[in-house]
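Trainee: I have a structure here, written as structure tokens, and I will follow up with some questions on it.
Derivation of every value follows stated rules applied to the coordinates shown; laboratory data play no part. This is a predicted model, so every value here is computed, not measured. Counting neighbours? That spans all protein chains shown, and the Cβs are built from the backbone with ideal geometry, glycine included.
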Amino acid sequence: MMLRSDVVGYLKDHLKQFPVEDLRKQLSAEGVTEAEFDAALKEALKPVAPSDATKVKARASGALARVFMFSGALAIIAAAILAVTQKPAEIAQASGPESAAMPPIEAGEGGFIGHHGYVVKLPQGYQAVQSFRDARKTVEIVHFCKRDTDPTNFLNEGLFGQLGIVRLAVAPSPVADDLHGLENLQNLVTGRAAARGEKFTVKNLQISSLRGVQLTYDVPFPRVEAFILGRRVMYSFVAGQEDETYRALIQSLRDARSEI
């Protein structure tokens, strides 16, 4: 028996307005057999497959939602990177006792213990000068330098290589527990550097259980920058060059929360 498309179309148009039995009687009076009616009713009640346009629209909506989620994640990462990479001059302008530099801390047997609970071993002859970017001590700044270093040199990254200064900024991680956090972080920092027209090379870092990304710049002046992700915080190192002091500092970094 051939399925009558005209009956199927009629039922699709009227099933929501009229009871099935009323439609059966109406069509029977117009010569539609019981078998034809039942076959057409079965076809009319099948779920409607979405059109190609609907499918495309659904895919586009899903993609747009993912774009917004990804953009939101990048915005959070960007804000965190901005917090840890602001120029040191802005630290000096911060007000309140909480933002002032703390007394220098020299190397001890256990190394330097940061505000967020991490540990860094100081090279021989080095001290750590700690300060905070905000009154709540959310962003911690530590300058690792030789004991006789003038603190005013912390304001000029161009002198870091010559004077052996390494700056560490520690702030809450924008990608805590994010499986794609390192990938998003790398895309953002490399994209930011490229947008500024800087020449750089990039490589991944593995510091004990921590992962990160390092950028080595040639222009506008030589320097190295590393972003390392802890479980709760992000570490940002800046140095004038990838020398023995810099490598010793970042390789000694231990985050107790991430070792668990």
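Trainee: In a shell of Cβ-Cβ distance under 15 Å around residue 9, excluding residue 9 itself, what net charge do Lys and Arg (+1) and Asp and Glu (-1) give?
Mentor: Local net charge: 0.
Trainee: Sticking to Cα atoms, compute the Rg of the range 5-44 to one decimal and its Dmax as the biggest Cα-Cα distance, whole number, in Å.
Mentor: Computed over the Cα atoms of the range 5-44, radius of gyration and Dmax are 8.8, 22 Å.
Trainee: A follow-up question, please. What order, most packed first, do the peptides 166-172, 152-158 have when packing is the mean number of other Cβ atoms within 10 Å of each residue?
Mentor: Listed from highest to lowest mean packing, they are 166-172, 152-158.
Trainee: Could you calculate the FRET efficiency of residue 124 with residue 183 from 1/(1 + (r/R0)^6), where r is the beta carbon distance between them and R0 is 35 Å, rounded to 0.05?
Mentor: So the FRET efficiency works out to roughly 0.40.
Trainee: Assuming 0.36 nm per residue, please report the length gained on full extension of the stretch residue 22 to residue 241 beyond their Cα-Cα distance.
Mentor: Result: 70.2 nm gained on full extension.
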